Each structure stands twice: as structure tokens, then as C-alpha cells.
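Engineer: Sending over a structure as C-alpha cells; questions will come in a sec.
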Amino acid sequence: MSTQSAMADGTATKSANFFALQAAFETALEQAIAENDVEQLIKEYHSFRANSEHDKRSPMDQAFREVLMKRLSDDVERIGALVRLSVDAARAEIVSNTIPVVLLGDTFDVVTLNKCELIFKFVEDLVEVWKEEIFFASCKNNLLRMCNDLLRRLSRTQNTVFCGRILLFLSKFFPFSERSGLNIVSEFNLDNFTEYGLDSKDHDDLDNKELEDTAEDIPLKIDYDLYCKFWSLQDFFRNPNQCYSKAQWKMFQMHAETILQSFLSFKLEDLRQNTDSNGAANGVNGSSGDSGAQMMDVDVDDAAVDAAASMAVRKETNFFAKFLTNPKLLALQLSDSNFRRAVLVQFLILFQYLQVSVKFKIDTYTLTSAQSDFIKETEQRVYKLLEETPPNGRRFARTVQHMLQREEMWNNWKNDGCKEFKKPEEPEPTEDESKPSPPKRAKRPLGDCLREAARNGKFYLGNDNLTRLWNYSPDNLQACKSEQRNFLPQLETYLETPYDKTDPAFEWRALRLLARQTPHFFTFVTQPSCKIADYLDVVRKRLAREKELAKQINTAAANASEHNNGLAASSAPAEQEHDASVALQETEPEPDLEVEDPEPVVEEADETPAHEKPLMVTAAHIEEITPLIGEPWMKVGKKIGFSNDELLFFQMENPTPGVACMKMLTNWISDDDDATLENWAYMLEGLEMHKAADAVKAIIEREKAGSTQPQPQAEVQPDANSNDVEILSD
């Protein structure tokens, strides 16, 4: 009986040693891979209940590694399936958390580089898995060691793409604040030497002859001196701190000026333009209908051509981590747009480092004012050269500028100590928010609300705001006639506002107010017609005189009522009104636009005569003066008050400086009330643009001379086709 019970206990609690467990787990693992299901492996793991977790986990880890060694000759996808199965097993806590990375490391150690590049795709696809809590802490060191081992095996020049993939994976896997991935003290890779040229003793005139022969197709003299200056700049790009030395700075300044001048004298042509011109020439040789269709396609599909060009650049798979420095290749390299862009961007990166503040930069590393001016001037030249380098030069220059601006943000983050990025914490709920909301009251039936409102003589519209609005007054129609609802301006106030005499909307509104508020609109016709602007000016003056005269009448009536003891209180105002009306008829002649009043009224003495009014800048003046301003138009913009961002917008949105200057000045005269010719001339004189300032002064003299000359009778009379109204008199 005891023997039977012992046998039963043995079957219920199965136990085995390390090798037996490993063999059993390998068999179960093969079945799990075939079914692509980890449940079979979990069931087999838990069947050995007599062994501890530690005793079972080690054989399971070894089983995974043994199966991997058997499958190394299989397809890459089967290796990836095994790695994914190990991830599921780690989540089920039947293997160590590091076993997926250990499997990948074992694989990379024994396969070729070509196969490594294919298997590394699984590492990239599982980057979110590695960042999970159960894997990150235990696997980050293993992943870092595995990637560094791969980088040591790879060549930076021959396996550039693979190296870049590994570095990008590390940047995605580790957080920004990870110290192992940060250049905290801002060190440079001083081991990156660029070897070039021959020794001076080995150089002779024959080398110059060979270099000149290679540059027969380009309009640039390439000799050994230019070759040495060009490649010597790479040493300054490798270690920018050399520029803070006076001797080294002079050398850099001289070499940079030579290279940029060479780029400027030898500009590259856009291949797309050549293709378009060849297509147009083929259309001329063909039928007329075909040529017209081709020209139409060129005009319509310009944006499509740019999109296709950008897609072609994206599909380009040629990457060069290091350029060849053979002297005979310099002519071809200068003709390559990618090569030229790489050198120009190196200039911009160097200039940015020299100007920004870096935490670990030595205090003595400062720029003089002359060096700062040279950097700013050269930076503008580099951006201009980038815009002129095809294809898509402007787009490329804007992209580089945007990336450098973002680089300044990262530099500030590093200066602040590389703080960890955290999501903003949600504010803690206050006591009022933490309290439970009171229970909602049951809504009254809609019929009861309507009946109650009808009994009280009110409206109920179902919305509190609408109900309050409709019950604001007992009689809504009468409330609409209230003086508070009258939004029309007074005629005198509206006519006093400054306006453009050619604005038909203003004239139409003024005539509507005139017909509504004064009787002058309906008086009989006694004079020939004139333009609406002149007619409104006459009406404005007449209303001002009538208002002043009414004020005088009221003052005289008040004085008379004080001196007469109330006896003539009723007759005096009537007499005063009669005398005032007679005086008005005697002193006010018929308003003739062709001659001024014979006796000027006192109220008009404050008005500025026509020749003393400020002369505003117009669009015609801008078109006349813009060619005289020329290239330094941005100085005028800063003097007017435009910011650097606004000036940059005008420069990027307009093809030439003349058009950009014209757009800027047009915005100025539309937004600034002080945009007068006198102010403009004063600004141009301050900027030492004497030719433009003299032209503005000539315009001022011309305008003043034109306003002081008496106009002949024929010019005052309007033509029959103009939009006229008739001068009306009382």
C-alpha cells in the first residue's frame, strides 16, 4: 500500500535534473515555434512542480540558446520568430528578462555582416518592447554592448547606412537625459583627420598643369594652391576652437574668402530647367498643337515637377561619410551640388558654434567685433549660395536654417544641465472639485412652464438666455425703437473722419446719412454738378457754420432773457432767429466750388490750407523711389519699424529686392498714418541714401507747386460720364 502511494506522488509532482529539463523544454519549444504559440511552452514549464523557479528557468534559457544555434542556418524570419517567442516567454515569467537580447547578441556574434543588417530589423521593430518596464532596466546595458560591438565591426565609410541605423536605434531607445548618450562637456572628435595633398617638396608645376587639365569644362582656375586651401578648412571644421586664435583666424578668414568666391564665380545650373528647355525645343520642331500642349503642361505642372524632384532626392540612396581628397577629383567635386551643400552647411555649423554660448566653453574664447561682423556677412553669403545651388535651393536653405534654430534650443537645454523631459503633472483637485456634485433636480414638464409664463404675460423659449432676452421689455417692438438701439453716427462726426476721396463706400454712406438727417439733400438745384467728394466737403462746411450760428443764437437768447424782466421773453428769441437768418443770407453766398468765400469765416481759420497739409506717400511715389533704394532696402525697413522676422518674410516671399521693397513700403503706407513724404525724406537722409532722399524732395516740391497753381475753369467742370451729384443750395 505504501508503495502504491509513493508511485502516485511521483506522477503528481514530476521532477527532473538540469539536462532532463533542458531536453524536455527543447522539445516543447520546437512545438511552440511550429504552432507560433507560447502556451505549449508554459504548460510544459509548469508541469515540473517539484523543481523551483530558479531550477526551471536556467534550463529554459539554455533551451532557447540551443534551439537558436540549430536555426542559424535557417531563414532570417525564423530567427525573428524565435526572438518574438522569447519575448512572450519573458512576459510569462518562464525565462530571464534578458534572454531576448542574449539571443540577438549570440546571433550577431556568429553571422556575417550582411545577415546582421537583416536581423537588426527585428531589433528596430521591437524598440517599444525594449522600453517596457520589465525589459528596460535589465536589458539596456546588454543592448548598448551589442550595438557597440556591431559598430566596432562595421566600417564608417563602407557601412554608413547600417551605422546610422544603429545610432538612430540607440537614440530612440534611450531617453534624452541618458548620460551615456550625451556629450556633456561639448568635446569634439579630434581624431577625425582629413588627409590630403602632397608635401611641398613633391609639388611642382607639373601638378598644377594636371589640375588645370581636369578643370577644362568649368570657368574656374583650379591649381594646387586652391586645392590646399579648400581641404585645409576641414581642420577648422574638425576643431572650431582654433578660430579663437588670431593667427588661425586670419588663415581661416583668408581661405574661406577664397573658397566662397570660387563658389560664387562658378554657379551650377539646374538640370530641370535644361530638361524643360529641351522639351520646349522639341515642341517647336514638332506640330503646333503638340508644342502648345507641352507649354501648357510646363506652366500647369510646375508644382508637380518640384514634388517629383523632391521625391527623387528622397529616393536617392547614395551616402558619403567621407569625401575623396585626390587633387584630380576637385573639379568634379566642385561641380557636384551635394558636395557644395555639404561644405556650405559646415560653414553654417561652425558660425553657429562660434556665436552661441556653450556652458563648457573657456572664458577666453570670445569673438571681437570685427570677427562677429565677418561671420554675419559671410553667413548671409552662404545662405545666398545655398539658395542658388540646385535643385530646390530655396527650400534646402530654409530647411537648414530651421534645423539650426532647433539646434540652438538643444544647446540651451544642454546648458541647463540636460534636464529630463517629463509630462506636466496634473493639478491636484481642490476641495470644491473633490466634493460630489449635488443631485440633479427633476425638470418641470414643458407644458407647465409654458402655462405659467402665459399667465404672467411672459415668454418661455426653453433657453435661459433667450427667455431673458424676450422678456427684457414688455413691448419688444417699442424697445427696438429706443435711442440705445440707434447705431447710426452723426453726420457731422462721420464727415469729419479722414477718408479717401476715391472711396465709393464712404460717399454712399455719407449721402445716406445726409438724406436721413439734414434737409440739404432735398434743396433745389441752383448750380452745375460736381464730384461727390467736393459736394460732401461743401456740406461739411455748411453744417459747421450752421452749428456755430445756432450756438450764437442760443447765447444771444439767453442774454436777452436775463436783461428783459420776462416781458419780451416770448418775442426776443423769434426776433433773434429772424435777425440771424437774415445775417446768414447776407453773409453766406451760394456755395460755389470754383471760387472761395469772399469773406472767410472765423471757424475756418483753424483749418490747414491745402498747400500746408502733409503730403502722404502714395503707390506711385513708391514705384518711383524704389529703384533708387536698391539692395539696402532692409535698412529702410528697420528705420520704418519692421522687425527682422517681417523683413525676412518680405525677402523670402518676393524674388527680387525691388519687389520686396515695394511690398514693404506698401504695407507701411497702409498701416502708418505718419507715412508722409517729409518723414520719408528725413529717414532716407539719416540712412545716407542721398539720391533717393533728393528724389523724394523733388516730389514734395512738385506736389506743392501743383497745389498752389490756380486751376482753370475747364478743369473744375466735371465730365458728363463721371459719377456726379449736383451742388445744392438752400
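Engineer: Could you please find all residues in region 187-235 being in contact with a Phe, Trp or Tyr (Cβ under 7 Å, 6 or more places away or on another chain), at pLDDT below 85, surrounded by 13 or more Cβ atoms within 10 Å (Cβ to Cβ) and assigned to a loop (DSSP other than H, G, I, E, B)?
Structural biologist: 197, 203, 218, 220
Engineer: Against the conditions (1) touching a helix residue (DSSP H, G or I) at 6+ places or on another chain (Cβ under 6 Å); (2) surrounded by 15 or more Cβ atoms within 10 Å (Cβ to Cβ); (3) modelled with pLDDT of 80 or more, where does residue 725 fall short? Just the number, please.
Structural biologist: (3)
Engineer: Another one. Could you list, in sequence order, the residues of region 172-186 that are modelled with pLDDT of 85 or more and in a helix (DSSP H, G or I)?
Structural biologist: 172, 173
Engineer: Just name the residue that is farthest from residue 498 (Cα to Cα) out of those in region 631-674 that are among the small types (Gly, Ala, Ser) and crowded, with 18+ Cβ neighbours inside 10 Å.
Structural biologist: Once the filter is applied, the top-ranked residue is 660.
Engineer: Answer with yes or no whether residue 655 is of a type outside the set (Asp, Glu) and not in a helix (DSSP H, G or I).
Structural biologist: Here the answer is yes, as residue 655 does meet what is asked.
Engineer: Please give the number of the condition residue 109 fails out of (1) more than 19 Å from residue 86 (Cβ to Cβ); (2) modelled with pLDDT of 90 or more.
Structural biologist: Tallying (1) more than 19 Å from residue 86 (Cβ to Cβ); (2) modelled with pLDDT of 90 or more, residue 109 fails exactly one: (1).
Engineer: Test residue 162 against the stated conditions and say whether it is within 29 Å of residue 322 (Cβ to Cβ) and either in contact with a Lys or Arg (Cβ under 8 Å, 6 or more places away or on another chain) or not assigned by TED's automatic domain parsing to the domain that holds residue 86 (or both).
Structural biologist: Answer is no for this residue.
Engineer: Let me confirm something: among 340, 395, which residue is within 17 Å of residue 263 (Cα to Cα) and either in a helix (DSSP H, G or I) or of a type in the set (Gly, Ala, Ser) (or both)?
Structural biologist: 340
Engineer: Ok, one more. Taking the conditions exactly as written (exposed (fewer than 12 other Cβ atoms within 10 Å of the Cβ) and either assigned to a loop (DSSP other than H, G, I, E, B) or touching a Leu at 6+ places or on another chain (Cβ under 8 Å) (or both)), does residue 428 satisfy them or not?
Structural biologist: yes
Engineer: Filter region 139-159 for residues that are surrounded by 15 or more Cβ atoms within 10 Å (Cβ to Cβ) and touching a residue at least 40 places away in the same chain (Cβ under 8 Å) and give the result.
Structural biologist: If the condition is that a residue be surrounded by 15 or more Cβ atoms within 10 Å (Cβ to Cβ) and touching a residue at least 40 places away in the same chain (Cβ under 8 Å), then 139, 142, 143, 146, 150, 154, 159 are the ones that fit.
Engineer: Among all residue pairs at least 6 apart or on different chains, which show Cβ distances below 8 Å where the first residue, located in region 103-114, is over 15 Å from residue 148 (Cβ atoms) and assigned by TED's automatic domain parsing to the domain that holds residue 149 and the second is buried (at least 19 other Cβ atoms within 10 Å of the Cβ) and hydroxyl-bearing (Ser, Thr, Tyr)?
Structural biologist: From residues that are over 15 Å from residue 148 (Cβ atoms) and assigned by TED's automatic domain parsing to the domain that holds residue 149, the pairs are 103/86.
Engineer: Is at least one residue of region 354-361 surrounded by 13 or more Cβ atoms within 10 Å (Cβ to Cβ) and part of a helix (DSSP H, G or I)?
Structural biologist: Yes; the residues of region 354-361 include at least one that is surrounded by 13 or more Cβ atoms within 10 Å (Cβ to Cβ) and part of a helix (DSSP H, G or I).
Here is a yes/no grid of residues against (1) modelled with pLDDT under 60; (2) part of a helix (DSSP H, G or I); (3) at negative phi:
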position	(1), (2), (3)
237	no, yes, yes
247	no, yes, yes
282	yes, yes, yes
291	yes, yes, yes
309	yes, yes, yes
313	yes, yes, yes
320	no, no, yes
323	no, no, yes
328	no, yes, yes
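Engineer: A further question on this structure: Determine whether residue 76 is over 23 Å from residue 57 (Cβ atoms) and either in contact (Cβ under 8 Å) with a residue 12 or more places away in the chain or surrounded by fewer than 17 Cβ atoms within 10 Å (Cβ to Cβ) (or both).
Structural biologist: So residue 76 passes the test.
Engineer: Is it the case that some residue within region 373-392 is of a type in the set (Ser, Thr, Tyr), modelled with pLDDT under 90 and either in contact with a Cys (Cβ under 6 Å, 6 or more places away or on another chain) or buried (at least 17 other Cβ atoms within 10 Å of the Cβ) (or both)?
Structural biologist: no
The values are calculated or read from the model by the stated rules, or taken from the named source; none is laboratory data. From a predicted model like this one, the values you see are computed outputs, not experimental measurements. Cβ sites come from the backbone with ideal geometry, for glycine too, and all protein chains shown count toward neighbours.
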